[in-house]
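**Q** I have a structure here, written as structure tokens, and I will follow up with some questions on it.
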Amino acid sequence: MTTIGIHISLIEKLIDSPETGMGYQVLRVELEREIPRYVLVLNAEIAKEMLTEVTPLERVIEKQAQERVFKALQYTPERIHFRILSRSEAVSKGLGENRAERAGEQPACDANPELSNADERFLRYSAFQNDRRMNPDRSVKPGTYVTTRTDGMTHVKTGMDAVRRYALPNPKPAIYRFDLDPPTRIVIRRGTVEPAHGQPGGGVEVIFDSGAPAGTFRPPVFTMVPGT
């Protein structure tokens, strides 16, 4: 699978845009006179191609198109128009595998906004120690995915536990844990992680719709063992 670093101007746009899931964004990318393609971006800085079921001939054509998209992401970002997909949109297009329904459960992106509970704490897992959703004043970007402290501390002991429980597309263990303790109640949406990217999901997911204020992230970043 092709992997590239993207242009700094696009990084700046992506870190101020909502996520598709914890630590990643699925982009619908348009180039002039091209059919839109889909790209996976990790930590707003690393782009990967998203493979779909195609014939061998279609695969050659798709590979060439993806290469043009990747060159634009690296060198000519002014040519790119993109939109970030929600989790439901990505799954419906087969970009996170087919949705596996669980009775009475829904992803956070389909939930109604609510206020977090008083003194409620959250966790975020990442394969990147320099998680770009965290601001210098320790506030958190709007549209960031996290989980509850209860869910994380109960079910996640290793980096691979986090990958499985939150259905992360990055195969590298999410060994870095960010402790988040908003000083005030904030607007969130709650849901359950859908199976995707070859992972079972099932964890609690929360979206910080409007972000979280300064002082929410409580350092240091905790490092877990990778696991298997």
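Here, each number is a calculation from the coordinates, and none is a lab measurement. Predicted, not measured: the structure shown is a model, and the values here were computed from it. Using ideal geometry, Cβ is built from the backbone for each residue, glycine included, and neighbour counts are taken over all protein chains shown.
**Q** I'd like the FRET efficiency for M153 and R83, computed as 1/(1 + (r/R0)^6) with the beta carbon distance as r and R0 of 30 Å, rounded to 0.05. Before the final figure, lay out each step's value.
**A** On the way: r = 35 Å, r/R0 = 1.17.
The computed FRET efficiency comes out at 0.30.
**Q** Separate question: Pairing the Cα long axis of helix 56-75 with the longest principal axis of the chain, what angle in degrees results, from 0 to 90 and rounded to the nearest 10?
**A** Tilt relative to the chain: about 70 degrees.
**Q** In percent, what relative contact order does the chain have, based on Cα pairs under 8 Å that are 6 or more apart in sequence? The partial results should precede the final answer.
**A** Values: 512 pairs, mean separation 50.1, N = 228.
The value is 22 percent.
**Q** Roughly how big is the chain's charge dipole about its Cα centre, with Cβ charges of +1 (Lys, Arg) and -1 (Asp, Glu), in debye to the nearest 20? Please list the in-between numbers first.
**A** Details: 31 positive and 30 negative charges, 72 e Å.
My answer is approximately 340 debye.
**Q** Considering amide H positions built from the backbone, and no H for Pro or chain starts, which residues 5 or more places from G203, or on another chain, come under 5 Å of its amide H?
**A** Under 5 Å from the amide H of G203: V193.
**Q** Out of residues 5 or more away from T216 or on other chains, whose amide H comes under 5 Å of its own, with H placed 1.01 Å from N in the peptide plane?
**A** The answer is S139.
**Q** I want to verify a result. In a Gaussian network model of the chain, Cα cutoff 10 Å, which of these has the top mean-square fluctuation: D137, D209, D151?
**A** Among D137, D209, D151, the largest GNM mean-square fluctuation belongs to D137.
**Q** For the chain, what Kirkwood radius comes out of the mean inverse Cα-Cα distance, in Å? Don't skip to the answer; put the middle values down first.
**A** Numbers: mean 1/r = 0.0557 Å⁻¹.
Computed over Cα pairs of the chain, the Kirkwood hydrodynamic radius comes out at 18.0 Å.
**Q** A follow-up question, please. Of all the C-alpha pairs in the range 3-92, what % are more than 21 Å from each other? Don't skip to the end; give the middle numbers.
**A** Working: 1045 of 4005 pairs.
The calculated P(r) of the range 3-92 puts 26 percent of pairs beyond 21 Å.
**Q** Sequence-distant or interchain residues sharing an amide H contact under 5 Å with Q106, placed H: which?
**A** Result for Q106 returns T192.
**Q** Which residue, E32, E67, E120, has the most motion in a Gaussian network model of the chain that connects Cα atoms within less than 10 Å?
**A** Evaluated over the chain, the most mobile residue of the options is E32.
**Q** Through the Karplus equation 6.51 cos²θ - 1.76 cosθ + 1.60, θ set to phi - 60°, convert the phi angles of the range 204-212 into ³J(HN,Hα) values in whole Hz; use x for Gly and Pro.
**A** Result, ordered by residue: 7, 10, 9, 9, 7, 4, 9, x, 9 Hz.
**Q** While we're looking at this one, here's another question. According to a simple spin-label model (label point 7 Å from Cα along Cα-to-Cβ), what is the distance in nm between K93 and E34?
**A** Going from the E34 label point to the K93 one covers 1.4 nm.
**Q** When the chain is treated as a GNM, springs tying every alpha-carbon pair under 10 Å, which of T76, T154, T144 comes out with the largest mean-square fluctuation?
**A** Maximum fluctuation in the GNM of the chain, among the listed residues, is at T154.
**Q** Place a +1 charge on the Cβ of each Lys and Arg in the range 108-223 and a -1 charge on the Cβ of each Asp and Glu, then give the dipole magnitude about the Cα centre in debye, rounded to the nearest 20. Provide the component values of the computation, followed by the final result.
**A** Details: 16 positive and 13 negative charges, 69 e Å.
Charge dipole of the range 108-223: 320 debye, to the nearest 20.
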